[in-house]
Amino acid sequence: MLQQKERFDELVIDPKHYTKGLELPEPASIRIYDTTLRDGEQMPGVAMSPPQKYVIARELSQIGCHIMDLGFPAISSGERTALQLVLEGRRRGEIREDLEVLVMCRANTNDIDLTVKAIEDIGFSPAEVTFLIFTSLSDLHCKYKLGPTLLKREGLKPDDLFHTPTGFFHEANKRMIFHAIRYARSKGITSIEFGGEDSSRAPIEQVIDLWQAGIDAGATRVNFADTTGSLTPEATRFYCRALTEAFPYVERVTHFHNDFDLGTINVITGILNGFTTFTTTVNGLGERAGNAPLHAVVVALKYLYGLEIPNFDYERLWHIKKVVEDISGIPVQAQEPVIGYNVFSHESGIHTHGMSMSQRMYEPIPCEEVGATSKFVYGKHSGSYSLTELLLKHERDIGQVVTPEFVSRVLGEVKRRREDAAIKQDTARAVEDYYTNLRNLGMSEDEVLDLSSRLALKRKAV
């Protein structure tokens, strides 16, 4: 490879040139809050066994996450086993002692009691984990999803739902969350995060009002959720600035989904506006379009903003990608930033020629710094330059003197074979295999109905 005379920063404008004037937080204040084992597993078709969750938990510990969401231990023995494995692993030192473990429950005493019991039954204290106690926040969620529960709690009937004003549900919700957090405190829970689902589609005054109730009751951290991924960077800036100004003394978390592919920039916008703790998932797993992806957020912070997170092992990004792919059954798309199969692959003649002169010619991220390697792929768009270099390197192995004429023959055959494959629609079969795999991860409605019919017949036979 050609050695350039000048330093790289003498030849190009570094992206950080445009962001260095921003009021950036201290890198040590940034905290990665991973929710792969809860929100990531909620991706349709994904299911992880307790041992598989423990494998991922160890990877999250090694790569340098600060908080790990284990979900709902009260709902099943499998979830309790996963939590037990993680807590025992932390006690043994296989998982970092400073990695905060979080569990979730709804804002009611029954959920809190079941979660406390689940933790105590596996030999641990509720004081060893953080409880995320959550409710709904937007009027849509608060009235039409949570409404029947709130009406019952307030001594009203379910048929009062439609003619009861939205303001009633907000006030009832405030009373419920206040009571739930106070109750959790009385049960010996010392670390409590409070979250409101669909916060980003509620008026800011409503968010502040509910947050204040949660903090007054004893919440030690608050979570701003963009449940439908509907925020723009402008809206993110508005909410985060207002909430930072209202609650500068409490740790604030963003929880952003990726429905409009804005999860990464919205997380970064939150960081620049007071929310230095943020949730992500490995490979961007999650419901619908997934959550803000860990790889994209941390790499953009490092290379575009100069915010390198202390003790985060960027070189493990490709490794943890593969671990989660294998367990989840969901492959990362080929063009996924940072960790996609094709991100450090080059085929076109112009690109391969440039890459032979300097790796940074077309790769803004040094591949080795995220655990990847650069490679050339040969096909329809290949040029003679990279092919000549390849053949010369292996001239003895192929038993042929590499001449321009021989290179031309090889290049012609490479292009012909790739075009023949396109004519035969080999790619269509590969795509169909991909979607077949996705379909097989879950059960369709017809499959569930067929299963139900067979179970019903079996029961009648008994």
Somewhere in region 3-10, is a residue surrounded by fewer than 20 Cβ atoms within 10 Å (Cβ to Cβ) and among the polar types (S, T, N, Q)? yes
Do we find a residue being buried (at least 16 other Cβ atoms within 10 Å of the Cβ) and either modelled with pLDDT under 80 or assigned by TED's automatic domain parsing to the domain that holds LEU294 (or both) anywhere in region 369-381? yes
Residues of region 319-340 satisfying the condition of being in a helix (DSSP H, G or I) and within 17 Å of ASP34 (Cβ to Cβ): HIS319, ILE320, LYS321, LYS322, VAL323, VAL324, GLU325, ILE327, SER328
Check LEU451, LEU438 and return the single one that is surrounded by 10 or more Cβ atoms within 10 Å (Cβ to Cβ) and closer than 18 Å to PRO44 by Cα. LEU438
With the requirement that a residue be touching an Asp or Glu at 6+ places or on another chain (Cβ under 7 Å) and either outside the structural domain of ILE320 (by TED's automatic domain parsing) or crowded, with 22+ Cβ neighbours inside 10 Å (or both), what does region 40-66 give you? MET43, LEU60, CYS65
Scan region 31-90 for residues that are touching a residue at least 12 places away in the same chain (Cβ under 8 Å) and polar (S, T, N, Q) and jot them down. THR35, THR36, GLN42, SER49, GLN52, SER61, GLN62, THR81, GLN84
If PRO25 passes every condition in (1) modelled with pLDDT under 95; (2) touching a Ser or Thr at 6+ places or on another chain (Cβ under 6 Å) but one, which one does it miss? (1)
Test for GLY71: is it closer than 12 Å to LEU83 by Cα, within 16 Å of the chain's Cα centre (by Cα) and either not hydrophobic (A, V, I, L, M, F, W, C) or not assigned by TED's automatic domain parsing to the domain that holds GLY306 (or both): yes
Hey, any hits in region 125-136 for a residue that's within 31 Å of the chain's Cα centre (by Cα) and acidic (Asp, Glu)? yes
Examine region 252-261 for a residue that is touching a Leu at 6+ places or on another chain (Cβ under 8 Å), part of a helix (DSSP H, G or I) and closer than 15 Å to THR228 by Cα, and state whether such a residue exists. no
Elements of type helices (runs of 4 or more DSSP H) contained in region 352-462, each with 3 or more residues being in contact (Cβ under 8 Å) with a residue 60 or more places away in the chain: 426-441
Residues of region 17-42 satisfying the condition of being of a type outside the set (A, V, I, L, M) and touching a strand residue (DSSP E or B) at 6+ places or on another chain (Cβ under 8 Å): ARG31, TYR33, ASP34, THR35, THR36, ARG38, ASP39, GLY40
Residue check for THR269: crowded, with 22+ Cβ neighbours inside 10 Å and among the polar types (S, T, N, Q): yes
Of the listed residues (LEU301, LEU307), the one being part of a helix (DSSP H, G or I) and modelled with pLDDT of 95 or more is LEU301
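Here is a yes/no grid of residues against (1) modelled with pLDDT of 95 or more; (2) out of contact with any strand residue (DSSP E or B) (no Cβ under 7 Å at 6 or more places or on another chain); (3) among the hydroxyl-bearing types (Ser, Thr, Tyr):
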| position | (1), (2), (3) |
| --- | --- |
| PRO50 | yes, yes, no |
| LYS53 | yes, yes, no |
| ILE67 | yes, no, no |
| ALA82 | yes, yes, no |
| ILE112 | yes, no, no |
| ALA118 | no, yes, no |
| ILE122 | no, yes, no |
| LEU137 | yes, no, no |
For region 191-198, does any single residue satisfy the condition of being part of a helix (DSSP H, G or I), in the same structural domain as VAL101 (by TED's automatic domain parsing) and not basic (Lys, Arg)? no
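The values are calculated or read from the model by the stated rules, or taken from the named source; none is laboratory data. Nothing here was measured: the structure is a model prediction, and the numbers come from that model. Glycine also receives a Cβ, built like all others from the backbone with ideal geometry; neighbour counts cover every protein chain displayed.
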